[in-house]
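Undergrad: Just dropping this structure here.
The values are calculated or read from the model by the stated rules, or taken from the named source; none is laboratory data. Since this is a predicted model, take the numbers as computed values, not measurements. For neighbour counting, all protein chains shown are included, and Cβ atoms are generated from backbone atoms with ideal geometry for every residue, glycine included.
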Amino acid sequence: MAETKRTTLEQGRAAFAYTCAENASKSLGKPKEYKAYVKKMPMLIKTNGLGAAIAFAFSKGSKNGVPQANTPWGLIYTQIENWLLEGDEKGLISFEKTKLAQKLTQVESYTYRAVTVEVLAFFGWLRRFAEGLIEGETNDPNN
């Protein structure tokens, strides 16, 4: 049976998401918060749009304009950037000299929609792996 482009793309997303969730479970002091935020992010994107959701994650996880990968929101923001820069074979968006949050304010609407679909697909895998690799639930009242 021949591999299709879609199969390899899904496998790439899955492998990258697994690594992200595994790193979060080992490196964060509060992995349960990460898990809760990963579960919330798709709804934030669908409700507010990708730009607003990315801006929210950036604002919650950055210090002096630099994403902090040692915080749940900072790690989520960094993982989205890394997926779009390194993992996404389609190369939908390029922002090496800028931050994703800034670049999303400058792209055409069709690119914005394509990136939104890609990030949601990535979060489909990330959410599953976070649920499987990180035990327990957070006591976050917004959960």
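Undergrad: Is it the case that Phe95 is over 24 Å from Gly136 (Cα atoms), surrounded by 12 or more Cβ atoms within 10 Å (Cβ to Cβ), at pLDDT below 85 and aromatic (Phe, Trp, Tyr)?
TA: The answer is yes for Phe95.
Undergrad: Of all residues in region 87-112, which are in contact (Cβ under 8 Å) with a residue 12 or more places away in the chain and of a type in the set (Asp, Glu)?
TA: Across region 87-112, the qualifying residues are Asp88, Glu89.
Undergrad: Quick check: anything in region 3-19 more than 14 Å from Phe129 (Cβ to Cβ) and hydrophobic (A, V, I, L, M, F, W, C)?
TA: Looking through region 3-19, at least one residue is more than 14 Å from Phe129 (Cβ to Cβ) and hydrophobic (A, V, I, L, M, F, W, C).
Undergrad: Go through region 119-142 residue by residue and tally those that are surrounded by 18 or more Cβ atoms within 10 Å (Cβ to Cβ) and modelled with pLDDT of 90 or more.
TA: 8
Undergrad: Hey, another quick one. Can you work out which of the residues in region 43-55 that are under 13 Å from the mean Cα position of the chain (by Cα) and among the small types (Gly, Ala, Ser) is farthest from Ile76 (Cα to Cα)?
TA: Top of the filtered list is Gly51.
Undergrad: Another question, if that's okay. Answer yes or no as to whether Gln68 is in contact with a strand residue (DSSP E or B) (Cβ under 8 Å, 6 or more places away or on another chain), of a type outside the set (A, V, I, L, M) and surrounded by fewer than 18 Cβ atoms within 10 Å (Cβ to Cβ).
TA: yes
Undergrad: Within region 22-52, which residues are among the aliphatic types (A, V, I, L, M), within 18 Å of Gly136 (Cβ to Cβ) and either modelled with pLDDT under 95 or out of contact with any Phe, Trp or Tyr (no Cβ under 8 Å at 6 or more places or on another chain) (or both)?
TA: Residues satisfying the conditions are Ala24, Leu28, Ala36.
Undergrad: Something else: Being surrounded by fewer than 17 Cβ atoms within 10 Å (Cβ to Cβ), under 15 Å from the mean Cα position of the chain (by Cα) and among the acidic types (Asp, Glu), is that true of even one residue in region 23-42?
TA: no
Undergrad: So which residues in region 49-60 are without any contact (Cβ under 8 Å) to a residue 60 or more places away in the chain, under 11 Å from Ala101 (Cβ atoms) and not polar (S, T, N, Q), if there are any at all?
TA: Once the filter is applied, which keeps residues that are without any contact (Cβ under 8 Å) to a residue 60 or more places away in the chain, under 11 Å from Ala101 (Cβ atoms) and not polar (S, T, N, Q), region 49-60 yields Ala52, Ala53, Ile54, Ala55, Phe56, Ala57, Phe58.
Undergrad: State yes or no: is Gln106 on the phi < 0 side of the Ramachandran plot, surrounded by fewer than 20 Cβ atoms within 10 Å (Cβ to Cβ), assigned to a helix (DSSP H, G or I) and modelled with pLDDT under 90?
TA: When the stated conditions are applied, Gln106 does not pass them.
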